[in-house]
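Colleague: One structure, as structure tokens, below. Some questions next.
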């Protein structure tokens, strides 16, 4: 599947939690299994700079930038898709495409579920949180709820539409030609984090929403606290992550630093410096939770990151051995 991003709004370049909205969207697309993203914009310069930055979380996503003076004109979208289509064998126009018409922040689960659709499907929210009541524009309202933005369609269906993008999506929802993927009906439980978490989304960042969006993204990085120390560490870790996420520090670098500090505690225990060893070990308890949060905030989660728990087990064993030494 390909994705088409209509980047005619400078708010795509606004930054939140260390990533611009466009970069966060590209990483979400990559995590959702989308192979190519086509950015249509009248100002390609800033987007070229974003794409040129090294970012392994989206390195397998092919990104094309197309300059158009009027990116919002739908009649040009199909021809652009045909020029950049990743599946050259598909000539009947049935290959679905995910269209993102305006800037927004979307939980990867929503993008993934939308990308799995086989018929025209629009992302809507029938029971939006209270903080989304700042959306006064009626063009974002439909019979099924607020239009969140992303829509999955096929090229053949797209060629038959006229008028503005939002109007034909609203019309399609009303006539049931477009299905609604309702945010409020999506699964909320996350096995990997042992907690309930409603999939979040935010439109182009209204100043009133920026703080809420930041807090939501940071909160979404937490796992359910299973013990008392973890309950104490959680607010400290969130405080640290809201600053670390703005720095070019990878989760793996945090893991390496954590292990260096952990084995420093091992050395202190082996030398009989118990008080110092305990203080360092307590610090490790906090640092140990930062790599996973950094990965989730900046969408840098990989299967390799699961090996971090093995390293945790090894240095914890080394503490016991050094105390018995």
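The values are calculated or read from the model by the stated rules, or taken from the named source; none is laboratory data. None of these values were measured; they are calculated from a predicted model. When we count neighbours, we look across all protein chains shown, and the Cβ atoms used for this are built from the backbone with ideal geometry, even at glycine.
Colleague: Return the pair list, or none, for Cβ contacts closer than 7 Å from residues in the range 164-180 that are in the same structural domain as residue 100 (by TED's automatic domain parsing) to residues that are part of a helix (DSSP H, G or I), at least 6 apart or on different chains.
Modeller: Matching pairs, first to second residue: 165/74; 166/139; 178/169; 178/172; 180/173.
Colleague: A further question follows. Keeping to the range 260-277, report how many residues are within 25 Å of residue 308 (Cα to Cα) and surrounded by fewer than 21 Cβ atoms within 10 Å (Cβ to Cβ).
Modeller: If we filter the range 260-277 for residues that are within 25 Å of residue 308 (Cα to Cα), which is where we start, we get 260-270, 276-277.
Then keep just the ones that are surrounded by fewer than 21 Cβ atoms within 10 Å (Cβ to Cβ); that gives 260-261, 263-264, 267-268, 270, 276.
Residues flagged as within 25 Å of residue 308 (Cα to Cα) and surrounded by fewer than 21 Cβ atoms within 10 Å (Cβ to Cβ) within the range 260-277 amount to 8.
Colleague: If you don't mind, another one. When you check residue 245 against the structure, is it in contact (Cβ under 8 Å) with a residue 60 or more places away in the chain and touching a helix residue (DSSP H, G or I) at 6+ places or on another chain (Cβ under 7 Å), yes or no?
Modeller: Details: in contact (Cβ under 8 Å) with a residue 60 or more places away in the chain: yes; touching a helix residue (DSSP H, G or I) at 6+ places or on another chain (Cβ under 7 Å): yes.
Yes: the conditions hold for residue 245.
Colleague: Among the residues in the range 204-226, are any out of contact with any strand residue (DSSP E or B) (no Cβ under 7 Å at 6 or more places or on another chain), in the same structural domain as residue 298 (by TED's automatic domain parsing) and without any contact (Cβ under 8 Å) to a residue 12 or more places away in the chain?
Modeller: yes
Okay, residues lined up against (1) surrounded by fewer than 16 Cβ atoms within 10 Å (Cβ to Cβ); (2) touching a strand residue (DSSP E or B) at 6+ places or on another chain (Cβ under 9 Å); (3) at pLDDT 80 or above:
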residue	(1), (2), (3)
48	yes, yes, yes
59	yes, no, yes
79	yes, no, no
82	yes, no, no
86	yes, yes, no
90	yes, no, no
93	no, yes, no
